[in-house]
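Here's the structure we're looking at; comments come further down.
The values are calculated or read from the model by the stated rules, or taken from the named source; none is laboratory data. Given the structure is predicted, the values throughout are model-derived calculations rather than measurements. Methodologically, a virtual Cβ is constructed for each residue, glycine included, from the backbone with ideal geometry; neighbour enumeration extends over all protein chains shown. To get the accessible areas, we keep the full protein, side chains included, count just its heavy atoms, and leave off ligands, DNA and RNA. Shrake-Rupley method; radii C 1.70, N 1.55, O 1.52, S 1.80 Å.
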Amino acid sequence: MQSLNILEGRFSEFNAFSTFETVSFDKNKRGLQLLEQLQTTLDLKQLLNKFAMEAAKYIDFSGLTFSSDCPDVTVRGSRKGKYERQFELVIENNYLGTLTYAINSSMSSTNYKILKELHQYLLYPIKNAIAYNNALMLAMQDGLTGLGNRRYFDKQLHRAITHSNRQKTDVGLVVCDLNKFKAINDSFGHHIGDNVLIHFANALKSSVRESDSIFRFGGDEFVLLVEDASRESLDIINQRIHQAITNDPLLMKYQVTCSLGATFLNRADTAISFFERADQALYRRKMNMTHKLSVI
């Protein structure tokens, strides 16, 4: 977990947020002004940036991070400090997350009290922002496997293409599905079929890097988005997937196998042409029915 540093007294040159001289905190007037600012957004990053700009009028710190069940959010312009000071945000006995300040000197009791007061105005806005973020994530998630769904894939694919064109990096796309999955459903029932899909999703998760993304399109079709990709990295993923299937007792019990097709992003590609080429590679692979990765 990241930590933060809080500075006492006048602002230091490390303060990335302060544009004001230190003033006393008026809980009525300034507190309501802060609350009004925080209620203008449900975006966690924007919310934390707004809070940091206001808090920097009273407390000197060089960085601020909020950690919760959602991905960590760090304030724009944050820098490391000599010390870290953490505050747990709790509302109605429910833990929301932890604020970590980067500071360069010990915190006085006055500064500590001010921060605690400021945090009271942050509680409900951040609770609402977390609920909104969770709702967005659920809308982007496959209910059975917990992987990203088609909607999330479309969003991440456009982001990856933009990033690749800007940074001149290679992006790989791997499309995979299970061989003869319909026969498993027909012979053993959809309950077993669902378990097979869950175990296969877990096999995919264990076969990729943290920076790679996995999505379920529906049925038995899955897609892997591999950034900073190479032919070697795709071959390694292919080998790991087949090994993970072999190591899974349930998948081996029902003799599960899969086919994978892959391609690399071309500069002239659109999201549609990129995916269609990977899908064509998958079709070739299924026709050959080998473990060798088909890349076009």
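Before moving on, here are some points about what is shown:
- Unmet requirement for residue 285, which otherwise passes all of (1) open to solvent by less than 20 Å² (accessible area, probe 1.4 Å); (2) modelled with pLDDT of 95 or more: (2)
- Index of the failed condition, residue 194 passing every other in (1) at pLDDT 95 or above; (2) open to solvent by less than 40 Å² (accessible area, probe 1.4 Å); (3) more than 30 Å from residue 97 (Cβ to Cβ); (4) charged (D, E, K, R): (2)
- Flag for residue 102 being surrounded by fewer than 16 Cβ atoms within 10 Å (Cβ to Cβ), out of contact with any Pro (no Cβ under 8 Å at 6 or more places or on another chain) and not β-branched (Val, Ile, Thr): no
- Scanning region 83-136 for residues that are among the acidic types (Asp, Glu), in a strand (DSSP E or B) and in contact (Cβ under 8 Å) with a residue 40 or more places away in the chain yields one hit, 84.
- Residue list for region 53-67, filter: of a type in the set (A, V, I, L, M) and open to solvent by 10 Å² or more (accessible area, probe 1.4 Å): 53
- Meets criteria (open to solvent by less than 80 Å² (accessible area, probe 1.4 Å), in contact with a Phe, Trp or Tyr (Cβ under 6 Å, 6 or more places away or on another chain), β-branched (Val, Ile, Thr) and over 15 Å from residue 213 (Cα atoms)) for residue 91: no
- Selection count, region 248-281, where residues are in a helix (DSSP H, G or I), open to solvent by 10 Å² or more (accessible area, probe 1.4 Å), under 20 Å from residue 217 (Cα atoms) and out of contact with any helix residue (DSSP H, G or I) (no Cβ under 6 Å at 6 or more places or on another chain): 7
- Flag for residue 135 being modelled with pLDDT of 90 or more, closer than 30 Å to residue 212 by Cβ, open to solvent by 40 Å² or more (accessible area, probe 1.4 Å) and among the small types (Gly, Ala, Ser): no
- Test result for residue 29, open to solvent by 90 Å² or more (accessible area, probe 1.4 Å), modelled with pLDDT under 85 and either farther than 16 Å from residue 102 by Cβ or touching a Cys at 6+ places or on another chain (Cβ under 6 Å) (or both): yes
- Of the set (1) at pLDDT below 50; (2) on the phi < 0 side of the Ramachandran plot, all apply to residue 9 but (2).
- Every residue from region 218-247 that is of a type in the set (D, E, K, R), open to solvent by 40 Å² or more (accessible area, probe 1.4 Å) and touching a residue at least 12 places away in the same chain (Cβ under 8 Å): 221, 228, 231, 235, 240
- Subset of region 153-183 [under 19 Å from residue 197 (Cα atoms) and outside any loop (DSSP other than H, G, I, E, B)]: 153, 174, 175, 176, 177, 178, 181, 182, 183
- Residue 215 falls short on exactly one of the conditions (1) open to solvent by 10 Å² or more (accessible area, probe 1.4 Å); (2) outside any helix (DSSP H, G or I); (3) within 22 Å of residue 150 (Cβ to Cβ), and that condition is (1).
- Failed item, numbered, when residue 54 is tested on (1) farther than 20 Å from residue 131 by Cα; (2) touching a strand residue (DSSP E or B) at 6+ places or on another chain (Cβ under 6 Å): (2)
- The condition (being open to solvent by 80 Å² or more (accessible area, probe 1.4 Å), over 29 Å from residue 214 (Cβ atoms) and within 19 Å of the chain's Cα centre (by Cα)) is satisfied by just one residue among 85, 151, 76: 76.
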